[in-house]
Every structure is written in C-alpha cells, then in structure tokens.
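The values are calculated or read from the model by the stated rules, or taken from the named source; none is laboratory data. Because the structure is a prediction, the values reported are computed rather than measured. With ideal geometry, Cβ positions are generated from the backbone for all residues, glycine too; neighbour counts draw on all protein chains shown.
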Amino acid sequence: MKSKRRFLATLILVSILLLIFGSPASAARLKDIASLKGVRHNQLVGYGLVVGLNGTGDGAGTKFTVQSLVNMMEKLGVHVLSSQVKVKNVAAVMVTANLPPFARIGSRVDVLISSIGDAESLQGGTLLMTPLKGVDRQVYGLAQGPLIVGGFSSSGASGGGVQKNHPTVARVTGGATIEREIPFEFNRMDDLTIALHQPDFTTALRVSKAINQSLEGPWAVPADSGTVKINIPETHRKNLVGLVASLEQLNINPDRKAKIILDERTGTVVMGDDVRISSVAIAHGNLSVQIKEEKQVSQPTPFSEGQTTVTDNSEVNVFEENNKLILMPRGTSLGELVKALNAIGVSPRDLIAVFQAIKASGALQAELEII
C-alpha cells in the first residue's frame, strides 16, 4: 500500500515538473499572439421590438416605439391610430451580434439586446423578428426569441425599490439565424498574412524563423513589425487548413518593451521583469499632518454672574518619517528595485510618484504609461 502511494506521489511530481519545464520559458502559441488576415468577426446591428413585458416597457411619450408598433401592425394587416396605442408592455431595442468567420447559411449565433427607450426592465419579454445588417446595409441574419435577463428590478408605490445588475440588457442564446454568407475562398489563397496582436520587430522575426524551420524552407518573410507574409508551398496548396492548424501550434517567445503601468485612481502598479534602472539614489519620506477638533465647555463658578460657554480646541500634530537614502546600482532588476522600495516603506500609491521621479531623472529604462 505504501509503495503504491509513493508511486502515485512520484507520478504526480513528474507530471508537475513536465508542465513547468516541458515547454520553453515565456513561450506562447502562435494562435494566441497573432491572427490570420481575413479571418475575423463582422459586427451586425438591427432595430427591433420586445413584447410581452409586464408593464415595464417604454412610456407613452416614447414616440419612436409607438410609431414602430403602428408600422408593424400595418404590415400585419391591422390598422390602428397612434393615439390608440399604449406601449407599456413593449420596448424598443437595439440588437447586436457578431458574424463569425466562415459562417454558413443556417448557422445560429447569440444576440445582445439593449433598451434604447425608458423601459424599466426587459424581463419576461420576447424579441420579434429583427433583421441584422452589416456595414454594407445588407441583411446577414434574422433574430427572434425569448430574452434571458441577468438582473431584475422591483419597486414599490412609495418610490423605493431593489435592482440587481442591468435589467434593460438581455441576451438570446442562438437567437439569430445566418441568412447570407460572406464570400471568401480560403483554399484558393496564394499566400497567407499573419498579423501580430502586439506589433514588434523582434517578435515578427522570431515568428518568421519558427515558420521557416517548420516548413523547412524560406517561405515566411516579416513585412513589418506587425505582419508576416507566407508563400504557400506547393505541397500545401490543397490543404491550407492543415497548414494553418500546424502553424498555430508553434511556440513563440514574444518580445515586448519594458513598460510600467500606473493607475493613479486605484493606486495599481504593474511592471514587467525586464524593467531596468541606472545608478540612482532614492529617498522617500512621508509627511503626515493630524488635526483634532474638540469642544470644551467653560463652566462659571457658583454664585458668579458668568455664563456657560462652549469653546473650540484644535490640536495639530506633524509626523515625518526619517528614511534612509537607498542607492540602486546600474542594471538593477525589478525584484531588487521592489525590494529596496519596500525597505523604505513605499506604498503602491507612493510608487507612482517615485517612478515618475526616477523617469524624470533619466535613470529608468522603461516606458511609463499612466492610465
């Protein structure tokens, strides 16, 4: 029994070591850092009506909802006047969806519904048939179905209420059917273009070298910092899917600039391990001012003609931390820098001021970005 447990423990340890050391450090798959030119999503949008609401629809003053409902009834053969229509159970909405690459007629995609009137909630509603158009104003899909709302809203007669999440935004899973395809003959392409998500000359060169090594020939050439062009070998011209699938699994070590991200609103500091600084001395001292306000009552002595009065008493205290001067040698790494700053009591918000001062002195070899 003990030997079996030891064997299982050894097997688990070996598996963990393989996961840690089995792939190159900082390596990423090509499909995670780049995309193939021409293979992308397209945005669709449409205007529609949601019906079946329990009195939480648009108000009577929402004229475009009333007009839309009247027009729809006219197309269905029912003649009504705008003054006869009440829309408290109807809401005007915008419907958006993403048309995935290589989507075929009959494919189904999710749609997002957002209220554009003054509806209180879309809960329990049903989206009527809504054409979804692309940027070329052509209809690529039709959306319809019951809404799924991830929140609710409940209010009382006195004006109080409870609301969770956003009840005026909903989703219909698989609610749109593709009715038109985007013409794109993938297997007839003469070359492929890979676009990096983060353009970088070093990364583009590494990608081209990895592809050439995989295809055993000079087929890939970096066009610029964000693009790598591939001439398709004759042996793969009839099987581009297999070629792209094999290239997507290539491990690439992406390069990046040394950068520090500072968020002054939340005090968040994010920096990579390739940040370096030159020789610089850092001193940080916090000046704290504490003010206390107290009320004191002055009571006159017995049988005197004085009156009881209330006076203000202010107490002001000033504290200043005396921190040592820290000397950072040339080429200091991120770990050494953070360790030194923590030693002199620098908080995350104070790091922003310290990094700005180091950058102003010219000793920081990194890009400082404030968001």
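Residue-level analysis places Val87 outside the set of residues that are buried (at least 17 other Cβ atoms within 10 Å of the Cβ) and either in the same structural domain as Lys229 (by TED's automatic domain parsing) or outside any loop (DSSP other than H, G, I, E, B) (or both).
Residues in region 182-200 that are surrounded by fewer than 13 Cβ atoms within 10 Å (Cβ to Cβ), over 23 Å from Gly134 (Cβ atoms) and at pLDDT 80 or above: Asp190, Asp191, His197, Pro199.
Determine whether region 264-273 contains at least one residue that is at positive phi and assigned to a loop (DSSP other than H, G, I, E, B). Yes, some residue in region 264-273 is at positive phi and assigned to a loop (DSSP other than H, G, I, E, B). Annotation note: of Leu53, Leu49, the sole residue that is in contact (Cβ under 8 Å) with a residue 60 or more places away in the chain and more than 20 Å from Pro131 (Cα to Cα) is Leu53. For Asn71, the test of being within 20 Å of Lys133 (Cα to Cα) and free of Cβ contacts under 8 Å to residues at least 12 places away in the same chain is passed.
Number of residues in region 111-154 that are among the β-branched types (Val, Ile, Thr) and closer than 21 Å to Met73 by Cα equals 3. Is it the case that Val289 is at pLDDT 70 or above, within 18 Å of Asp350 (Cα to Cα) and assigned to a strand (DSSP E or B)? When the stated conditions are applied, Val289 does not pass them. The condition of being in contact with an Asp or Glu (Cβ under 8 Å, 6 or more places away or on another chain), of a type in the set (S, T, N, Q) and either modelled with pLDDT under 75 or not in a strand (DSSP E or B) (or both) holds for Ser153.
Count of region 109-150 residues, restricted to those that are over 27 Å from the mean Cα position of the chain (by Cα), closer than 17 Å to Gly52 by Cβ and assigned to a strand (DSSP E or B), is 8. Applying the set (1) at pLDDT 90 or above; (2) under 30 Å from Leu112 (Cα atoms) to Lys209 leaves exactly one unmet item: (2). Given the criteria in contact with a Phe, Trp or Tyr (Cβ under 6 Å, 6 or more places away or on another chain), modelled with pLDDT of 85 or more, outside any loop (DSSP other than H, G, I, E, B) and closer than 21 Å to Leu132 by Cα, does Leu44 qualify? Here the answer is yes, as Leu44 does meet what is asked. Can you tell me which residue in region 49-62 is farthest from Gln123 (Cα to Cα), limited to those that are exposed (fewer than 13 other Cβ atoms within 10 Å of the Cβ) and out of contact with any Lys or Arg (no Cβ under 8 Å at 6 or more places or on another chain)? Here the answer is Gly61.
The rows are residues; the columns are (1) in a loop (DSSP other than H, G, I, E, B); (2) at negative phi; (3) polar (S, T, N, Q).
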| position | (1), (2), (3) |
| --- | --- |
| Pro199 | yes, yes, no |
| Thr202 | no, yes, yes |
| Arg206 | no, yes, no |
| Ser225 | yes, yes, yes |
| Val241 | no, yes, no |
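Residue count for region 166-181, restricted to those that are over 19 Å from His41 (Cβ atoms) and surrounded by fewer than 20 Cβ atoms within 10 Å (Cβ to Cβ): 2.
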